[in-house]
Amino acid sequence: MLKPSDFRERVKRERRLMRRKYLYLLLSFAAVLLMGVYLLWSSASFQRQYVYPFPYRETVEDYADRYHVDPYLAAAVIRTESKFQDSVHSHRGAIGLMQLMPDTAQWIAGQLDDASYSVEAIHEPERNIRYGIWYLRSLQREFDGNDVLALAAYNAGRGNVQDWIRENGWPADFHDIDAIPYQETREYVRKVLTAEKKYRDLYGSSET
């Protein structure tokens, strides 16, 4: 016959064992759940639908083809600038999908001989995309096809980038993002280039 003290000790052991079993089951369930979430999140269909969507794809591809810009780079700029929200405004006054400043958009309209330009018109998705892609191409030409410099100029202004080139003696093949003086611009360039790769992987020739 068990003594009361022995009985209590047995009960404690059994409770500890049950707690260990419950903890093991809980951790196993959590691991399976996390694996399922990871597999879902990393699937191409989920990424295309929720993480790297491509609204206005046909418009982007049309103008990218017209102005000789990589459509995946253009999509990456739009995602980074506005997450494809056509009505967004920045605190600095930038407008629309490609976050165009009104004075920049007015200059672009002049270059494109677009007599129908108005500040209100920048809100139109198609016009905003057209202007933004044309502007991106003009920056690529200005910086000899260097996407790092072109993207830095898109974010910080072409004048600032020209100053950095002169002050630091950056070569035509400059790719040292860490050397860009503005933290915001460094982060911007990295985000766009990362998104460009994702768009290429998700929507390229291997798309299913």
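The values are calculated or read from the model by the stated rules, or taken from the named source; none is laboratory data. Small disclaimer: the values here were computed from a predicted structure and weren't measured. Counting neighbours? That spans all protein chains shown, and the Cβs are built from the backbone with ideal geometry, glycine included. To get the accessible areas, we keep the full protein, side chains included, count just its heavy atoms, and leave off ligands, DNA and RNA. Shrake-Rupley method; radii C 1.70, N 1.55, O 1.52, S 1.80 Å.
Here are a few things to note about the model shown:
- For I95, solvent-accessible area (1.4 Å; no DNA, RNA or ligand), Å²: 10 Å²
- Shown are E124, E58, whose ranking by accessible area with a 1.4 Å probe and every protein chain present, most to least, is E58, E124.
- Long-range HN-HN contacts of L100 with modeled amide H, under 5 Å: I95
- Sparse-neighbourhood loop sites, trypsin sites (Lys or Arg not before Pro) in the stretch 162-208 - DSSP loop, at most 15 other Cβ within 10 angstrom: none
- Comparing Cα centroids, the stretch 150-208 and the stretch 68-116 end up 17 angstrom apart.
- Inter-label distance, M101 to Q183: 2.2 nm, where each label sits 7 Å from its Cα along the C-beta direction.
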